[in-house]
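The values are calculated or read from the model by the stated rules, or taken from the named source; none is laboratory data. This is a predicted model, so every value here is computed, not measured. Here the Cβ positions follow ideal geometry from the backbone for every residue, glycine too, while neighbour counts run over all protein chains shown.
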Amino acid sequence: MKILMLTPHYPPEIRSVSLLMSELAEDLAAQGHAVTVITPYPPEHMDEARGAPPPAREEARGVRVFRVRVLPFVKVAPAIRAVTHFTLAGSMAAAGLRAGRHDVILAYSPPLTVGLACDVLKRAWRAPFVFNVQDLYPQALVDLGLVRNPVVLRVLEWLERHAYRHARAITVHSAGNRDALVARGIAPAKVTVIPNWIDTTAVVPGDRNNGYRAELGLGARFVVLFAGVMGYAQDMAIMVEAAARLRDLGETDVTFLLAGDGVRRSEAEALVRARNLDTVRFLPFQPFDRYPQLVSAADCCLVTLQPTVATPVVPSKIAGILAAGRPVLGALPAGDARTLIEQSGGGLCVPPGDAAGLAEAIRRLIRDPALGASLGTAGRRYVEAHLSRTTAAQAYTRLLTTVVGREGTDS
């Protein structure tokens with residue numbers, strides 16, 4: 001098959017989306033398919049864009065990559081982001097037409113506007129598209145209070161309906177997301193659950209006393225790690241408050257490492273300064289090849305969501321933490337993310353916003369290293385059985401083959 005993938009993020013940009021989409025593209029190419037990826041350049045104000053820009057066209061690991069230029073849409077005002085998302089759709093559609101006909105299109109959402117590019121290419125080529133829905137927009141934005149204007153909401157709802165209606169198939173990463181779409185009137189047969197995966201050969205349990213501990217001067221301190229996007233959905237305040245509570249309880253041999261960037265980083269930094277916390281340190285996004293070492297250097301890893309998050313979000317970092325054999329500590333609302341941690345046996349969960357409960361969970365692990373080890377072992381066992389990269393790639397291949405065959409039958 002000739003497969004065209006549309007994604008808003010791709011290496012060298014350091015985001016979970018980039019890693020997932022690049023691994024999937026490479027796996028499909030390794031199976032013998034001709035894979036082309038259309039993606040923007042890394043935003044100019046991000047660390048990944050400070051060196052020489054990646055080429056406009058290249059072939060890497062069997063995948064053709066075409067990059068398009070758009071206005072920044074990371075860490076910018078909502079109005080600018082909205083305009084950029086529409087220009088992104090236009091640029092992707094134009095680049096797709098220049099790339100030539102493909103048998104099937106696979107697109108990552110959000111943003112919802114990528115569905116418009118898919119529709120243009122679908123009509124031009126009479127080729128089906130598969131919509132990979134990672135976040136249920138616009139409901140996720142409403143939950144976080146980011147969309148209040150009724151006109152904007154109606155536009156987003158129209159984009160959502162348009163994409164779902166014209167997609168040949170929709171993929172989601174959890175059963176809760178599937179149920180939410182079916183409740184909105186999407187035919188169950190149209191929705192396929194393919195969990196976000198982790199490369200269990202690249203991310204393995206490693207030595208706690210590795211280069212990161214020496215580089216950062218951590219010594220034997222108990223390390224609590226948050227690594228990833230510090231976006232609107234993440235609760236950064238609970239981490240700072242938990243660190244303050246542990247200090248007040250006399251647990252001073254603890255370091256919180258907050259690695260990443262996003263719209264909530266400056267807020268977290270301000271809270272740390274206000275609380276005069278020397279147990280919290282900030283790091284930039286870490287390169288993909290160093291991320292497993294960073295997780296191995298930690299004693300536990302955090303996944304926190306705002307209490308208002310009602311959509312079934314499953315942060316992809318959970319699989320990476322479990323694969324590395326480290327306990328996950330979640331401050332999460334009821335839903336698929338919490339269910340994953342509990343089913344895996346790889347972590348502990350407290351209600352969202354419960355800083356006292358989070359601090360106490362960390363304290364349990366400080367005082368009971370055997371508990372942390374057992375949680376890490378259970379988590380690793382779970383991802384090997386259920387969330388491997390190979391299993392996901394095979395599932396996508398079956399789905400894409402099916403929709404291409406169905407399109408030929410329908411036409």
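Annotations
- When the range 298-321 is filtered for residues that are over 15 Å from the mean Cα position of the chain (by Cα), aliphatic (A, V, I, L, M) and surrounded by 24 or more Cβ atoms within 10 Å (Cβ to Cβ), only 298 remains.
- Condition check for residue 147: β-branched (Val, Ile, Thr), surrounded by 18 or more Cβ atoms within 10 Å (Cβ to Cβ) and out of contact with any Ser or Thr (no Cβ under 9 Å at 6 or more places or on another chain): yes
- Out of 135, 119, sole residue that is acidic (Asp, Glu) and touching a residue at least 60 places away in the same chain (Cβ under 8 Å): 135
- Residue in the range 328-335 that is crowded, with 20+ Cβ neighbours inside 10 Å, in a strand (DSSP E or B), not assigned by TED's automatic domain parsing to the domain that holds residue 192 and not small (Gly, Ala, Ser) present: yes
- The strands (runs of 3 or more DSSP E) located wholly in the range 77-174 that include 1 or more residues which are of a type in the set (Phe, Trp, Tyr) and touching a helix residue (DSSP H, G or I) at 6+ places or on another chain (Cβ under 8 Å) occupy 104-109, 129-133.
- Counted residues, the range 23-35 - those being crowded, with 22+ Cβ neighbours inside 10 Å and in contact (Cβ under 8 Å) with a residue 40 or more places away in the chain: 3
- Pair list, Cβ < 8 Å and 6+ apart or interchain, from the range 279-300 residues that are assigned by TED's automatic domain parsing to the domain that holds residue 325 to residues that are acidic (Asp, Glu): 282/269; 284/47; 284/261; 285/47; 285/48; 285/261; 296/207
- Qualifying residue in the range 253-260 (condition: part of a loop (DSSP other than H, G, I, E, B), surrounded by fewer than 16 Cβ atoms within 10 Å (Cβ to Cβ), assigned by TED's automatic domain parsing to the domain that holds residue 220 and in contact with a Gly (Cβ under 8 Å, 6 or more places away or on another chain)): no
- Selection within the range 280-294 - modelled with pLDDT of 95 or more and of a type in the set (A, V, I, L, M): 280
- Among the residues listed as 220, 227, 175, the single one being assigned by TED's automatic domain parsing to the domain that holds residue 27 and at pLDDT 90 or above: 175
- Test: residue in the range 162-170 that is within 18 Å of the chain's Cα centre (by Cα), within 23 Å of residue 392 (Cβ to Cβ) and modelled with pLDDT under 95: no
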